[in-house]
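The values are calculated or read from the model by the stated rules, or taken from the named source; none is laboratory data. In this text the structure is predicted, and so the values were computed from the model without any measurement. Cβ atoms come from the backbone with ideal geometry, glycine included; neighbour counts cover every protein chain shown.
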Amino acid sequence: MTASFVIPTRNRRSALLRTLDRLRDGAHLPDGSWETWVVDNGSTDGTAEALQRLHPHVRLIRHEKNHGPCARQDAVAAARGKYLVFLDDDCEPRGRAVAGCIDRMERNPRTAAVTGRVDLPDGTMEASAYPQVPICCALCVRRDVLQAVGGFSRGFVRQAEELDLAMRILDAGYETERFEDLRFLHRKTPGPRSTREILRLDMRNNLLCLARYVPAPLRERLREDWIQRYTALAAACGLHEAAADGLREADRISQQPDADHRRAGPAAVEAVFRLQDQAQRIGAWARRQGIRRVCIADLGKNIYATYEACRAAGLEVTAVGDGQFAFHGLKYRGLPIDDEQTAWAEAQGVVLSSINPARVQSRLAWIRQRFDGPVLGLWEPRCLAGEPQLARPPQTRCEPASREPSPPDREVA
């Protein structure tokens, strides 16, 4: 079997049924080549009964309690597809998105995971902060690779489970890829999400990823930045204690005798955090533009790589500009953080630190409309239609390799 769709859900019967209807009519895969699994996290709204009545072909795993989105892992062992397509219960592929993901992996045996552009109903997009980290509401992955690297970490429940998984896939010698012409629609159906819980898990799980995979001294630098970021975001919501709880939990878990500190190799760390890539881009841009003073735009998760790249290029960083009020009045490594136009006052150029695919293009356009000097972005979109067509490899099992604010786009932390 080619593909298994896997959808976790809880008490969102109508959203799930709509997604299943769309899959039945528009999976764009040959009949008999795919199946669907639903993992029900203790729904009490008649989800299971509706599935039996309206979608009897769907394979159902029922839990009495809510195990969160990482319960998707429960379908992996039983699924029969060579490729697993993970969707949220309110996210659907558009056109031939799934077929495109599969075709890419069929042609490139080193690609283990493919995601695409995730559109939201309001016209914005959703993506992870790092391009090499897929978003699990719209992810196609090789089943054998997922099993080889251990699947989703159940202890994460939600938030940053994509970063955790990507680090293991990349460290096994595989690639993760994203293409903008493979499109999904995430309807973002309202649900009982707790802001406090999300803020706590954002802090906890991101710091756990650093403790597990990132070597010193980069680990300590990113930890400082992410603690500042998530603390400020929580405080702006009046939930400072949520971030504090997440920090305490991360420290407690990472200090346990059996804590997972596997440390990823240099290639995997560079693939995600792009320190060398950004240093080369910023250095070449500064020489070409003949500038010496720059402002960094956006206090995002990637800012340390941008800050270090500017310093390596011999540039003076004058300030950090960010439209989010939560960060105003703070300092980043001694630099003032202010609204963009105030921060630009002494700069000859602006470097956008965000490499979040959902933000880059709109942020660059917004900055270029308001700043007269040169502006540099550090990520460019890729389309599958523009990629070289690799020859299809023989149909053999793929084994893991040996180790070697404004604008309102949304980021998956």
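What to note about this one:
- Residue 115, sole failed condition from (1) within 20 Å of residue 198 (Cα to Cα); (2) surrounded by 23 or more Cβ atoms within 10 Å (Cβ to Cβ); (3) among the β-branched types (Val, Ile, Thr): (1)
- Qualifying positions in the range 268-287 - of a type in the set (A, V, I, L, M) and surrounded by 13 or more Cβ atoms within 10 Å (Cβ to Cβ): 268, 269, 271, 272, 275, 279, 282, 286
- Those residues of the range 298-318 which are surrounded by fewer than 17 Cβ atoms within 10 Å (Cβ to Cβ) and part of a loop (DSSP other than H, G, I, E, B), in sequence order: 314
- Complete set of residues in the range 194-234 that are in a helix (DSSP H, G or I), farther than 14 Å from residue 244 by Cβ and aliphatic (A, V, I, L, M): 198, 208, 210, 211, 218, 222
- Count of the range 118-129 residues which are crowded, with 22+ Cβ neighbours inside 10 Å and hydroxyl-bearing (Ser, Thr, Tyr): 1
- Residue 38 being surrounded by fewer than 24 Cβ atoms within 10 Å (Cβ to Cβ) and among the β-branched types (Val, Ile, Thr): no
- Residues being assigned to a helix (DSSP H, G or I) and not small (Gly, Ala, Ser) - total across the range 67-92: 5
- Listed conditions (1) over 18 Å from the mean Cα position of the chain (by Cα); (2) surrounded by fewer than 18 Cβ atoms within 10 Å (Cβ to Cβ) are all met by residue 381, apart from (1).
- Members of the range 229-255 that are of a type outside the set (A, V, I, L, M) and either assigned by TED's automatic domain parsing to the domain that holds residue 354 or crowded, with 18+ Cβ neighbours inside 10 Å (or both): 229, 230, 231, 245, 246
For (1) buried (at least 21 other Cβ atoms within 10 Å of the Cβ); (2) out of contact with any His (no Cβ under 6 Å at 6 or more places or on another chain); (3) closer than 21 Å to residue 289 by Cβ, each residue gets a yes or a no:
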position	(1), (2), (3)
320	yes, yes, yes
326	no, yes, no
339	no, yes, no
343	yes, yes, yes
351	yes, yes, yes
354	yes, yes, yes
358	yes, yes, no
366	no, yes, yes
373	no, yes, yes
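- Residues of the range 17-38 satisfying the condition of being modelled with pLDDT of 95 or more, touching a strand residue (DSSP E or B) at 6+ places or on another chain (Cβ under 6 Å) and not hydroxyl-bearing (Ser, Thr, Tyr): 34, 35, 37, 38
- The range 281-297 residues that are part of a helix (DSSP H, G or I), paired with ones that are polar (S, T, N, Q) (beta carbon under 8 Å, 6 or more apart): 282/306; 289/348
- Taken over the range 181-213, residues that are over 21 Å from residue 127 (Cβ atoms), surrounded by fewer than 23 Cβ atoms within 10 Å (Cβ to Cβ) and in contact with a Leu (Cβ under 9 Å, 6 or more places away or on another chain) amount to 1.
Matching residues to (1) touching a Cys at 6+ places or on another chain (Cβ under 8 Å); (2) buried (at least 22 other Cβ atoms within 10 Å of the Cβ); (3) under 24 Å from residue 119 (Cβ atoms); (4) assigned by TED's automatic domain parsing to the domain that holds residue 121:
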residue: 17; (1), (2), (3), (4): no, no, yes, yes
residue: 22; (1), (2), (3), (4): no, no, yes, yes
residue: 28; (1), (2), (3), (4): no, no, yes, yes
residue: 52; (1), (2), (3), (4): no, no, no, yes
residue: 57; (1), (2), (3), (4): no, no, no, yes
residue: 97; (1), (2), (3), (4): no, yes, yes, yes
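- Failed item, numbered, when residue 71 is tested on (1) under 24 Å from residue 160 (Cα atoms); (2) surrounded by fewer than 16 Cβ atoms within 10 Å (Cβ to Cβ): (2)
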